[in-house]
Amino acid sequence: MWGEVGVGEGLVSRGALVRGGAGFAGEVEHLRSTRTARCRCGAVGCWETLVGQAALLERAGRPASAGRAGVGAVLAAAAGGEAEAIGALAVCARWLGLGLAALINVLNPAVVVLGGLFAPDPSGDRRGTRRGDRAACPRPRSTVSAS
């Protein structure tokens with residue numbers, strides 16, 4: 001699973017990419033959430049509005065358009081102890097964990113690989129994501145790693 005501007009997933013089964021009936025398998029960013037924010041796809045409440053780059057930046061008090069540099073600034077601010085940045089990362093991590101747990105429950109993958117925005121922060125702290133996935137999936141059987 002990759003996180004940058006959006007959230008994407010690739011499903012691999014027996015060494016082959018699973019594309020789905022119309023070629024759009026893995027569009028997990030549009031799973032419905034409890035949030036009422038409008039997604040860039042036009043729908044309301046997509047998971048991306050909770051865990052995507054724009055969501056992180058907005059929660060940390062930065063412009064949603066700040067991009068990768070903005071995410072880097074949030075990570076640096078969190079490493080420096082800025083409460084707003086730490087809180088933003090914690091909220092996104094919890095929602096990421098809850099979403100991952102749902103996907104693990106449905107797909108039962110052997111491995112989940114996280115990349116981009118979802119790779120561990122420089123401190124390696126994954127507690128928020130793990131708390132979220134344990135809340136929805138008490139005994140996940142998948143291995144979660146970062147690329």
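Packing order of peptides 39-49, 101-111, 67-77, highest average first: 39-49, 67-77, 101-111 (average count of other Cβ atoms within 10 Å over each peptide's residues).
Amide H contacts of Gly116: Gly3, each under 5 Å away and 5 or more positions distant or on a separate chain (H built 1.01 Å from N in the peptide plane; Pro and chain starts excluded). Computed from phi, the 3J(HN,Hα) profile of the range 97-106 under the Karplus parametrisation 6.51, -1.76, 1.60 (θ = phi - 60°) reads x, 5, x, 4, 4, 4, 5, 5, 5, 7 Hz, with x in place of Gly and Pro. Per-residue extension of 0.36 nm, minus the Cα-Cα distance of Leu17 and Glu82, leaves a gain of 19.3 nm for this segment. A simple rule links phi to the HN-Hα coupling: the Karplus curve 6.51 cos²θ - 1.76 cosθ + 1.60 with θ = phi - 60°, which for the range 49-62 gives 6, 9, 10, x, 3, 4, 4, 4, 4, 4, 4, 8, x, 10 Hz, with x for Gly and Pro. Note that the range 73-81 has calculated 3J(HN,Hα) couplings of 5, 5, 4, 5, 5, 5, 4, x, x Hz, one per residue in order, obtained from phi through the Karplus relation 6.51 cos²θ - 1.76 cosθ + 1.60 (θ = phi - 60°); glycine and proline are x.
All of the numbers you see were taken from the coordinates with simple rules; none came from a lab. Just so it is clear, the structure is predicted and the values come from calculations on it, not from any experiment. Counting neighbours? That spans all protein chains shown, and the Cβs are built from the backbone with ideal geometry, glycine included.
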